[in-house]
Amino acid sequence: MGYRLSWIVGSVGILFTLARAHDRLLRPSVEGLPWEIVLLAAAVLGTVLTWGGLAYRLRTRTVILINLVAMFLVTVRIVVPQTTWFVFPTLSSFGELRSELEFARAVVRTGVAPVIPLAGIVALLALLYWVLGFLLAWGLARGRPYVAVVAPLVVYLQFATMDRRPSGAWTGVFLVLVGVSLLAVAYDRRREGTGLLTSGVTHHALTRSLPSLAAGTLVVTLVLAVFSTQALAGLVPRSGVLEWRAQSGLGGEYYGSVSYNPFVGIQQGLVSQSNVPIFVAEVETDRGFGRESGVDLDRLYWRLLTLDTFSGEQWSAREPRISSPEDLDAFEDPAQQFRGPETPVAQHITILALQQEWLPALYATRDLSAPNTAVDRGYRVKEDDGSIRFDALSYRGMTYSVLSELPDPDLDVLSRRADGSLSPVFGGAAEEGDFTVDDVGSAPPVFELEDAERYLELPDDEGLELVADLAEDQTRGLETDFERALALERYFTTPGNFRYSVDIDPGHGADDLGAWLLEPDSVNYRTGYCEQFSTAMAVMARHLDIPSRVVLGFTPGSVLDDGRVVVRDRNAHAWVELWMPSQGWVRFDPTPRGDFVQPTVGDLPFDADDYLAIPEREVPEFEPTDPGIVRPFVDQPLPDIPRFVGQSGGADEETGIPIPSWVLPVALAAAVVFGLVPAVKALRRRRRMRRLETGDISAAWAEIVDRLEDLGHTTAPSATAAELAAGTDAAMVPLARAYGESVYGPEPGYDQARVATAREALGETEDRLTTRYSRPQRLVARYRLRSLTPAWWIRWRRTRAERRRGPSA
């Protein structure tokens, strides 16, 4: 086997990429074989099948065809084993295979590593490693070692890009591997005698040039990596590649998939909402399901996650702490939990068209379970708000159950000053008899928010100073954070102050919050949708030293006749949560949209406008518009989905990589059978040709005799070399003559002319045998073990046969 060092380096490169994937890209398998074994087996299969095919002297295109067929069968078996007959696909396999691979491709494009090793993802990676094995064997067998050793390094760079995290020591190891690969290929090529690396001055020049070549390559690679990263960084927006909402599949008014990017900003992005059903849920309390639960289903907001960082244009989650549930004592940080009255609510959710990593739930999650093991074990928790991140993408038909504690803000506590007296708004309402409170004078509890600076931080922006002045104006004379929050919310929802509209093209909006709020000539002045209103209120609250965060999720969906709640794409929404020291995070919704639930002020037992005596800046009122505000939607019926209630959880879906334990051993055994025999024969021929070059002509004779044995050419055991050659082909006669002279003649030493004659006669004889025997006969000969049978075994069988014939004679 040539290129020994290149074989080693190429194999190490493949293992290096596998180690990167194991450490950074995929989580451990939940069931079935570990995905690492599957990928390693794919690389071995690709290597063995390719090496065996080339050893049989098959054409490259034939070897590629064999690999493609094998790759397809293995892919079908990995992804949709339930549709196969033995290892062969059926008609139903193709549609399901396409669906699974498209889903896996979407996860690869939009998922955040490490993700769950879905069968489709593992199949795609198995194909990649199969190709690496093919390139390793083909490159080294065809004298193209750089193809063999560079391919894994390219794959590693792609893995490092997908990882999106600092590489640390990985980069150093990669650069060392690059240098070692160059050295290995150079030394192997010199040893094989390919190229100019032959002898004398050339050899010494190579020896001197190798360190400089490796060093130069390392420097160039490092420089390119650093500068290309800097150059390309500006091409990717800080908010990611996608807008906040991006449709895939059919989208629009058709039943396609919908995803939402976790960013909210002043730019208009959430526009083209549709009536596509996103998910359906059943709500349960200790009092019952649906309408019997005692919960007002028409007022339930569904949360995806919270955003805590404002860049000046958009909100995002900065360095969120995301942990596995088994590593947490509680899903939500106890210091962030709501401290007022709560109602335990279980939600049984079935995903319809939502395809993303964050899972919807009612407020902070306390527990999650699912009948699918991959879902039940494949999620992690954002600690500060209890949001659930699925380490893949949610998919149609995905079901899970969530336990949440719904906050019920206590006005008896929120209405008090620090000394226990009623704040101005609530005091005025109490004097008029519109509000009553027990135990007047009792000081409310105070809960400090840990890391409050994170929820108060704002960028240094001169334009935001005007926003601060506006916030002060709208809350002048109010004394508690809750009253100020009510005033801000009411400022946005007061008719005439702002206008909700979806008649704005995506991206054609203001990028300056101060101008959008205060300059009538600015783009889309005070006109927008939830993104702009939630951004503005959260920023204004921070100017008032009220910790704030923006929440992504959905407004209350439609309640069906059977008590289930269906949430549609048009329910996608953003709102605000503000920290109230006596309660915790409290929801406020500043969006003046007609079809939404009434904002927080609507929960008060009185009209807050009567007591919020706030001097308001003079602003031009908008022309009266249709309060419906929402475009008419084509009604779309829900797909037929079985109700979750009353189900025992159902059979556990297939997860991991559902490959029977016998599949890979059988495949590996078949590959060994296919590749081992010709590989052994190829190695034997290589050794014999080396012996021939040193003057051992008996090696060439033994090679052609073994070839004849495998082809089934029978000769008498007593026949001489000349008789065997004459009875086979005239082209073999010069080889027999050279063999006889080398064995029975005087010791001539190394005879270059005789070696050349033997080499030429051997090649011509093999060409004649190729034309004399058909392709099937030659294929059978490659598998035949006759020439590999030990001589002692042949003698024993021959003696045994003679003994059996003796008595009968």
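On the basis of the beta-carbon distance and an R0 of 35 Å, E519 and D434 show a calculated FRET efficiency of 0.40. These residues, D419, D410, go from largest to smallest accessible area, 1.4 Å probe, as D419, D410. Close amide H partners of R416, meaning residues 5 or more places away or on another chain with modelled amide H under 5 Å apart, are S423. Rounded to the nearest Hz, the phi-derived 3J(HN,Hα) couplings of region 687-697 under the Karplus curve 6.51 cos²θ - 1.76 cosθ + 1.60 (θ = phi - 60°) are 5, 5, 5, 5, 5, 4, 5, 8, x, 8, 6, where x marks glycine and proline.
Each residue of region 300-306 was assigned a 3J(HN,Hα) from its phi angle through the Karplus curve 6.51 cos²θ - 1.76 cosθ + 1.60 (θ = phi - 60°); the sequence is 8, 8, 10, 9, 9, 6, 10 Hz, with glycine and proline shown as x. For the pair F88 and E326, a Förster radius of 30 Å applied to the C-beta separation gives a FRET efficiency near 0.15, rounded to the nearest 0.05. Note on region 19-61: Rg/Rh from C-alpha atoms, Kirkwood Rh, equals 1.20.
In the full protein context, region 447-573 carries 35 Å² of accessible surface per residue, based on a 1.4 Å probe and ignoring ligands, DNA and RNA. On full extension, the segment bounded by T60 and E96 gains 9.8 nm, given 0.36 nm per residue less the C-alpha separation.
Given a 1.4 Å probe and the protein chains as shown, I8 ends up with an accessible area of around 100 Å². Only protein heavy atoms count here; on that basis, with a 1.4 Å probe, T83 has an accessible area of about 10 Å².
Across region 277-385, the relative contact order, built from alpha-carbon pairs under 8 Å that are at least six residues apart, equals 41 percent.
Distances between placed amide hydrogens fall under 5 Å for V264 paired with W315, all partners being 5 or more residues away or on another chain. Taking all protein chains as they are arranged and a probe of 1.4 Å, the heavy atoms of Y739 leave approximately 50 Å² accessible to solvent. In loop segments of region 350-457 as defined by DSSP, the GluC sites (Glu not before Pro) with at most 15 further C-beta atoms inside 10 Å of their C-beta are E432, E448, E450, E457. Backbone amide hydrogens, once placed in the peptide plane, bring Y400 within less than 5 Å of I349, excluding anything fewer than 5 places away on its chain.
With Cα atoms as the point set, region 322-421 shows a radius of gyration and Dmax of 15.9, 53 Å.
Of the listed residues Y500, Y146, the order by accessible area with a 1.4 Å probe, largest first, is Y146, Y500.
The 3J(HN,Hα) values that the Karplus relation (6.51, -1.76, 1.60; θ = phi - 60°) gives for region 720-726 are, in residue order, 7, 4, 5, 5, 5, 5, 5 Hz. Gly and Pro appear as x.
The values are calculated or read from the model by the stated rules, or taken from the named source; none is laboratory data. Not measured: the values here are computed from a predicted model. Cβ sites come from the backbone with ideal geometry, for glycine too, and all protein chains shown count toward neighbours. Ligands, DNA and RNA are stripped out before the accessible areas are found, and what is left, the full protein with its side chains, is counted by its heavy atoms. Shrake-Rupley method; radii C 1.70, N 1.55, O 1.52, S 1.80 Å.
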